[in-house]
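J.: This structure is in structure tokens; I'll ask about it shortly.
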Number of protein chains: 2
Amino acid sequence: MGVAERRQREREERRVVILDAAERVFLSKGVAVATMEEIAQQAEVSKGALYLYFKSKDELYLSIVTRSLRELVVRLERAAAAPGSGLERYRRLLHTHAGFALEEPDRFRVGIGWLNTNYSVTDDSPLFGEYRGLLERTLALSVAAIEQGKQDGSVVTSLDSLELATQIGAALFGLMVIQANRLEVDRRVRHGLQWERLIGSFVDLVSGAIAQPGRARTA
Amino acid sequence: MGVAERRQREREERRVVILDAAERVFLSKGVAVATMEEIAQQAEVSKGALYLYFKSKDELYLSIVTRSLRELVVRLERAAAAPGSGLERYRRLLHTHAGFALEEPDRFRVGIGWLNTNYSVTDDSPLFGEYRGLLERTLALSVAAIEQGKQDGSVVTSLDSLELATQIGAALFGLMVIQANRLEVDRRVRHGLQWERLIGSFVDLVSGAIAQPGRARTA
DNA sequence: TCAGTTGCTGACCGGCGGTCAGCGTCCGAC
DNA sequence: GTCGGACGCTGACCGCCGGTCAGCAACTGA
């Protein structure tokens, strides 16, 4: 029985070696420019061997993104668990999410690599199911914080929680995209922005917009 | 002298034929999947002939995007010129921009194709200069409307106009990205959104946030 | 030791953006 | 009308890339 287990363990270890190599190459070159040949070299296997472990470049990509998302959700769960009003929790979620994206812009850019591409990810794969579940979890945490805010009186009740969470999530996404691509933005638009203030003061703006008037709140 | 002019005219006409063909293919397939071979077929020339008119696929891309941007700026200029308070003008700009993006989502997706890619666009080409100027113009129109709002009392004065225009611009961008890619979003996150309300009610949210209290405003 | 299983390699495939020698057509001078 | 040079275009070719798989080496258990 020992041989089968060892082999299984070795396969898993090799798989992780390949994932780590792919992540390094994706992060440094970008997904589109990264080549399977270079990933293979970094992993110290042949290019053909990559396909013994992963069906395609796309599956490699999705595996790496899912790994990052797991880490993000852990952080968001932790942020959501800390005490405070619903509004405070929501603000903390926004800051945590933005912090995660921008502490390593390359990772974030890899994560949104599906934009404008035609990666054919199969809906029915367990991996895609996990990926999707993680994304949904991030949205659910925001909705829950907003709902709590409605109950404790820190958030206005007139707006739909899901719609709000989606709008502000998408808005924050736009800001993260812009900031993660600041070099390209700087090449396209001359501006005098203080990048380090951008997201913080935007979170202030929107939390001001959804705060219940007359409630003491941390601004 | 007549022969040189005719030839120049024919070259220009052929150039436009190629641009139109490329636009059709980019719109239907996406930039990455579109092939020069297919563009050549649509334009009824050989693939090699494309390179007599455009240096690369990237230049073809940038030419098409710049064409769209010209149209967008015309619309924004018109929206900015209509009467109203600064806040009303700004709202109209936001709605016009979103309307342009979403009336043809394919066109918008092509326009943001630079995200996460390594298109090596030369900073010094006249084409890039024009493209950049157009982008800057869209930002400048927003800043001007906000400034007008500060002067006529419809917008709060406590926030920096450029920062605000950039934040809300980026936020709107995020919403447009999400909505233009709604099929991919639907595959990733189960939600009960009413897509047609999403941007309109977001514009209401942010304009409420920046409106000067106590001023009658169109909500 | 040996047959069967497992794991891996690298040559190969077709698709793609880009290149350019070679050819056909046009044009103006004679 | 003829001819040489200029111009415009073509399509075969190139190297790069993701993906494939026949063939080989190493491992395993009887």
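The values are calculated or read from the model by the stated rules, or taken from the named source; none is laboratory data. If you're wondering where the values come from, they're calculated on a predicted model, not measured in any experiment. Don't worry about glycine lacking a Cβ; one is built from the backbone with ideal geometry, like all the others, and counts go over all protein chains shown.
J.: For the structure I just gave you, tell me whether A:Leu198 is surrounded by 16 or more Cβ atoms within 10 Å (Cβ to Cβ), at the interface with another protein chain (Cβ under 7 Å from one of its Cβ atoms), under 20 Å from the mean Cα position of the chain (by Cα) and not basic (Lys, Arg).
T.: Numbers: surrounded by 16 or more Cβ atoms within 10 Å (Cβ to Cβ): yes; at the interface with another protein chain (Cβ under 7 Å from one of its Cβ atoms): yes; under 20 Å from the mean Cα position of the chain (by Cα): yes; not basic (Lys, Arg): yes.
Against the criterion (surrounded by 16 or more Cβ atoms within 10 Å (Cβ to Cβ), at the interface with another protein chain (Cβ under 7 Å from one of its Cβ atoms), under 20 Å from the mean Cα position of the chain (by Cα) and not basic (Lys, Arg)), A:Leu198 qualifies.
J.: So which of B:Ser28, B:Ser46 ends up being more than 18 Å from the chain's Cα centre (by Cα), of a type in the set (Ser, Thr, Tyr) and surrounded by fewer than 13 Cβ atoms within 10 Å (Cβ to Cβ)? Please lay out each step first, then the result.
T.: Details: B:Ser28 fails: more than 18 Å from the chain's Cα centre (by Cα).
Residue meeting the stated conditions: B:Ser46.
J.: What residue, of B:Glu163, B:Glu184, B:Glu136, is among the acidic types (Asp, Glu), buried (at least 19 other Cβ atoms within 10 Å of the Cβ), in a helix (DSSP H, G or I) and at the interface with chain A (Cβ under 7 Å from one of its Cβ atoms)?
T.: On the way: B:Glu184 fails: buried (at least 19 other Cβ atoms within 10 Å of the Cβ); B:Glu136 fails: buried (at least 19 other Cβ atoms within 10 Å of the Cβ).
The unique qualifying residue is B:Glu163.
J.: Give the range A:125-176 a look and list any residue that's among the aromatic types (Phe, Trp, Tyr) and under 17 Å from A:Ser207 (Cα atoms), or say none. Outline the logic, then answer.
T.: Start the filter on the range A:125-176 by keeping residues that are among the aromatic types (Phe, Trp, Tyr), which leaves A:128, A:131, A:173.
Once the filter is applied, which keeps residues that are among the aromatic types (Phe, Trp, Tyr) and under 17 Å from A:Ser207 (Cα atoms), the range A:125-176 yields only A:Phe173.
J.: Checking A:Ala40 against (1) touching a Lys or Arg at 6+ places or on another chain (Cβ under 7 Å); (2) more than 16 Å from DNA strand C (Cβ to nearest atom), only one condition comes out false. Which one?
T.: Unmet condition: (2).
J.: So for the range A:3-20 (the condition being within 16 Å of DNA strand C (Cβ to nearest atom) and within 14 Å of chain B (Cβ to nearest Cβ)), does at least one residue qualify?
T.: Residues of the range A:3-20 within 16 Å of DNA strand C (Cβ to nearest atom): A:3-20.
With the extra rule that they be within 14 Å of chain B (Cβ to nearest Cβ), the set shrinks to none.
Scanning the range A:3-20, I find no residue that is within 16 Å of DNA strand C (Cβ to nearest atom) and within 14 Å of chain B (Cβ to nearest Cβ), so the answer is no.
J.: Shifting gears a bit: Exactly one of (1) within 14 Å of another protein chain (Cβ to nearest Cβ); (2) without any contact (Cβ under 8 Å) to a residue 12 or more places away in the chain is unmet by A:Tyr61. Its number?
T.: With (1) within 14 Å of another protein chain (Cβ to nearest Cβ); (2) without any contact (Cβ under 8 Å) to a residue 12 or more places away in the chain applied to A:Tyr61, the lone miss is (2).
J.: Additional query: Any residue in the range A:40-53 that is assigned to a helix (DSSP H, G or I), more than 8 Å from DNA strand D (Cβ to nearest atom), free of Cβ contacts under 8 Å to residues at least 24 places away in the same chain and touching a Leu at 6+ places or on another chain (Cβ under 8 Å)?
T.: Yes, the range A:40-53 contains a residue that is assigned to a helix (DSSP H, G or I), more than 8 Å from DNA strand D (Cβ to nearest atom), free of Cβ contacts under 8 Å to residues at least 24 places away in the same chain and touching a Leu at 6+ places or on another chain (Cβ under 8 Å).
For (1) at pLDDT 90 or above; (2) more than 15 Å from B:Glu88 (Cα to Cα); (3) buried (at least 20 other Cβ atoms within 10 Å of the Cβ), each residue gets a yes or a no:
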{"position": "B:Ser142", "(1), (2), (3)": "yes, no, yes"}
{"position": "B:Ile146", "(1), (2), (3)": "yes, no, yes"}
{"position": "B:Gln167", "(1), (2), (3)": "yes, yes, yes"}
{"position": "B:Val189", "(1), (2), (3)": "no, yes, no"}
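J.: Report yes if B:Thr157 is modelled with pLDDT under 95, among the polar types (S, T, N, Q) and in a helix (DSSP H, G or I), otherwise no.
T.: Details: modelled with pLDDT under 95: yes; among the polar types (S, T, N, Q): yes; in a helix (DSSP H, G or I): no.
No: the conditions fail for B:Thr157.
J.: Can you say whether B:Ala98 is more than 30 Å from A:Leu27 (Cα to Cα), at pLDDT 95 or above and more than 10 Å from DNA strand C (Cβ to nearest atom), as far as the supplied structure shows? Step through it out loud before you land on a result.
T.: Numbers: more than 30 Å from A:Leu27 (Cα to Cα): yes; at pLDDT 95 or above: yes; more than 10 Å from DNA strand C (Cβ to nearest atom): yes.
In short, yes.
J.: Go through (1) more than 7 Å from every other protein chain (Cβ to nearest Cβ); (2) assigned to a loop (DSSP other than H, G, I, E, B) and name the single condition B:Gly192 misses.
T.: Among (1) more than 7 Å from every other protein chain (Cβ to nearest Cβ); (2) assigned to a loop (DSSP other than H, G, I, E, B), B:Gly192 violates only (1).
J.: Being more than 13 Å from DNA strand D (Cβ to nearest atom) and in a helix (DSSP H, G or I) is the filter here; which residues of the range B:7-33 pass it?
T.: Answer for the range B:7-33, where residues must be more than 13 Å from DNA strand D (Cβ to nearest atom) and in a helix (DSSP H, G or I): B:Leu19, B:Asp20, B:Ala22, B:Glu23, B:Arg24, B:Val25, B:Phe26, B:Leu27, B:Ser28, B:Lys29.
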